[in-house]
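Only one structure is covered here, and it is reproduced in the block below.
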Amino acid sequence: MKRAPTFRGLWPRLQPLLEGVDFLAAHNAPFDRSVLKAACEHWHCPPTAQEFLCTLQLARRRWNLKPAKLSDVADHLGLKLTHHNALSDAEACANIVLRANTCG
């Protein structure tokens, strides 16, 4: 991956996509927040201002799930998941948020 762009090279193109976004959803959000913060600090990039919504904590509160790994929550909700595939994980997180806000 020698030719892959660095975080510093990508961040100026990614950050504008976050403008107007109320929050970022992630499973075990404190981890993702810390990684993003560390990358911004390392590459001297301005951090994102959005709050993080933790879908792990959301699933525990909403459906009383334990364990609440992403695969457990996806199974509980009948969501398709290819675990540790970035797009699939992101779609699962988005669907967890949607289901938590629409289920009675």
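Derivation of every value follows stated rules applied to the coordinates shown; laboratory data play no part. Keep in mind it's a predicted model, so treat the numbers as computed, not measured. FYI the Cβ positions are ideal-geometry reconstructions off the backbone, even for glycines, and counts take in every protein chain you see.
Assorted remarks:
- Sparse packing (at most 11 other Cβ atoms within 10 Å of the Cβ) combined with a DSSP loop state is found for the following GluC sites (Glu not before Pro) in the stretch 1-62: 19.
- Value at 222 nm in deg cm²/dmol, rounded to 500, when DSSP H runs of n ≥ 4 in the chain each add -39,500 (n - 2.57): -16500 deg cm²/dmol
- Where trypsin sites (Lys or Arg not before Pro) fall in DSSP loop in the stretch 1-61, at most 15 other Cβ within 10 Å: 2, 3
- Residues with amide H under 5 Å from that of residue 53, placed H, sequence gap 5 or more: 24, 25, 26
- Placed amide H near residue 65: partners under 5 Å, 5+ positions off or other chain: 60
- Sparse packing (at most 13 other Cβ atoms within 10 Å of the Cβ) combined with a DSSP loop state is found for the following chymotrypsin sites (Phe, Trp or Tyr not before Pro) in the stretch 1-71: 43.
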